[in-house]
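What follows is a short report on a single structure.
The values are calculated or read from the model by the stated rules, or taken from the named source; none is laboratory data. All figures in this text were calculated on a predicted structure; none of them were measured in a lab. Cβ sites come from the backbone with ideal geometry, for glycine too, and all protein chains shown count toward neighbours.
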Amino acid sequence: MGGQDNVETLVVLQPIAVDTASLDRTGMLVLANGKLVAILVRLEVPEHARCGAWFLEVGLGRLAGVRPPAFDTLEDATRWVRQHLKG
């Protein structure tokens, strides 16, 4: 039964402070179907070219070692996570 291909991954974001050794501390734990898969950090230091964007600080499992460009919104980030966890 191939019906599971149609099931979308449930991505939940949980706010958390992240010690990045910089002023970029606003973070989000990224949980996919109940498992921690990533930590996002908002780029807040004005020197960043994309200040206000979200950066993949840590990827776990299938997202380990992947370095996407910064995301403009959390919606963009969760969409990217769903796509990369599929298949």
Tally, over the range 41-56, of residues that are crowded, with 17+ Cβ neighbours inside 10 Å and either in contact with a Lys or Arg (Cβ under 7 Å, 6 or more places away or on another chain) or of a type in the set (A, V, I, L, M, F, W, C) (or both):
6
Of all residues in the range 17-41, count the ones that are hydroxyl-bearing (Ser, Thr, Tyr) and in a strand (DSSP E or B).
1
Please tell me if Glu8 is within 17 Å of Gln83 (Cα to Cα) and acidic (Asp, Glu).
yes
Residue hits (the range 32-65; more than 19 Å from Thr9 (Cα to Cα) and in contact with a Gly (Cβ under 6 Å, 6 or more places away or on another chain)) are Val41
Considering every residue within the range 80-87, establish whether at least one is more than 10 Å from the chain's Cα centre (by Cα) and part of a loop (DSSP other than H, G, I, E, B).
yes
Checklist (1) modelled with pLDDT under 95; (2) on the phi < 0 side of the Ramachandran plot applied to Gly59, failing item:
(1)
Of the numbered conditions (1) farther than 17 Å from Ala21 by Cα; (2) in a loop (DSSP other than H, G, I, E, B), Glu44 fails exactly one; give the number of that condition.
(1)
Of everything in the range 57-85, what is without any contact (Cβ under 8 Å) to a residue 60 or more places away in the chain, among the β-branched types (Val, Ile, Thr) and surrounded by 14 or more Cβ atoms within 10 Å (Cβ to Cβ)? Give them in sequence order.
Val58
